[in-house]
1. Going through region A:10-48 one residue at a time, which ones are of a type in the set (S, T, Y) and at pLDDT below 55?
2. Among the residues of region B:42-56, is there at least one that is surrounded by fewer than 17 Cβ atoms within 10 Å (Cβ to Cβ), part of a strand (DSSP E or B) and more than 8 Å from chain A (Cβ to nearest Cβ)?
3. What number of residues within region A:25-41 satisfy the criterion of being outside any helix (DSSP H, G or I) and within 11 Å of DNA strand C (Cβ to nearest atom)?
4. Which residue out of A:V61, A:V75, A:V83, A:V112 is in contact (Cβ under 8 Å) with a residue 40 or more places away in the chain and either surrounded by 22 or more Cβ atoms within 10 Å (Cβ to Cβ) or more than 21 Å from B:A110 (Cβ to Cβ) (or both)?
5. Within region A:74-87, is there a residue that is at pLDDT 95 or above, near DNA strand D (Cβ under 8 Å from one of its atoms) and not in a helix (DSSP H, G or I)?
Protein chains: 2
Amino acid sequence: MITTRTELSLTDVACCAPLTREPLSAETAAVLAQRLKAIADPTRLRLLSMVAAHEGAEACVCDLTEPLGLTQPTVSHHLKVLVDAGLLNRDKRGVWAYFALVPGALDSLAAVLVSQSPAVPMSV
Amino acid sequence: MITTRTELSLTDVACCAPLTREPLSAETAAVLAQRLKAIADPTRLRLLSMVAAHEGAEACVCDLTEPLGLTQPTVSHHLKVLVDAGLLNRDKRGVWAYFALVPGALDSLAAVLVSQSPAVPMSV
DNA sequence: CCCAGACATAGACGTTTGTCAATGTTTGGG
DNA sequence: CCCAAACATTGACAAACGTCTATGTCTGGG
């Protein structure tokens, strides 16, 4: 029950294989699809934007449950998906768990989709 | 030339609501998630790249079935998803159906994910 | 006029996914 | 030392999804 990260890192995919340049291998496509699946959900998109827009650019579960109208376990589940996908960082301080965007993660995901590869990629 | 699209156009979402700026509404998140779901599949990612990389930047179903190792109905199904999402154009010429990328569609999808809204998007 | 080929559609089936209720785990305070 | 609060985990269930087989639809050629 390892919710492991993928073998291929995101930068491996992002910096070398623009989607429209050449046919994707089955493996590369699988890695990319797994990343995109993490984003391709209304609740998780809202979570990402709520965390980013929250004061201090971080938020705990209790901040997110009520505005979404979902139960705490459901919110925790989605947050775990986003953390496993490398999009959110989890920082436990005391009883609270604070989540924040991983800098550049969304940008490098987006970089795979654009036609021309970015001149200076995000060297985080 | 309108293929059944979602109510909110992509540009509506892309140009005005960067993901990290403010919390997404449930409606906006649903529209965005639907678009991303179309991409968040290994087969469809490979289809997009194969179409883009094919000579003439277009391909028919018969070009795509064998390299994917999937049946023709399955490939047709995925292509329909991509057309409905506004990512592929379908052009039937004679017995063949040729698919090509909708110019700028992937780019505007990617634009929603990046932190800063694109001032002048393309001209590097 | 009919046949073959390219593609779409319909139906079926196993797998994955999003959600919840119930329960476990950890932390700080009295 | 134990309780309450915040969060994670488990198990269950309906809905959505990806794939297949079978069949329908359209086009060009003989």
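The values are calculated or read from the model by the stated rules, or taken from the named source; none is laboratory data. Computed from a predicted structure; not experimentally measured. No Cβ is skipped: glycine too gets one built from the backbone with ideal geometry, and neighbour counts run over all protein chains shown.
1. Across region A:10-48, the qualifying residue is only A:T11.
2. Within region B:42-56, the subset surrounded by fewer than 17 Cβ atoms within 10 Å (Cβ to Cβ) is B:53, B:55-56.
Next cut, part of a strand (DSSP E or B) only: none.
No, the conditions are met nowhere in region B:42-56.
3. 2
4. It is A:V112.
5. Scanning region A:74-87 turns up no residue that is at pLDDT 95 or above, near DNA strand D (Cβ under 8 Å from one of its atoms) and not in a helix (DSSP H, G or I).
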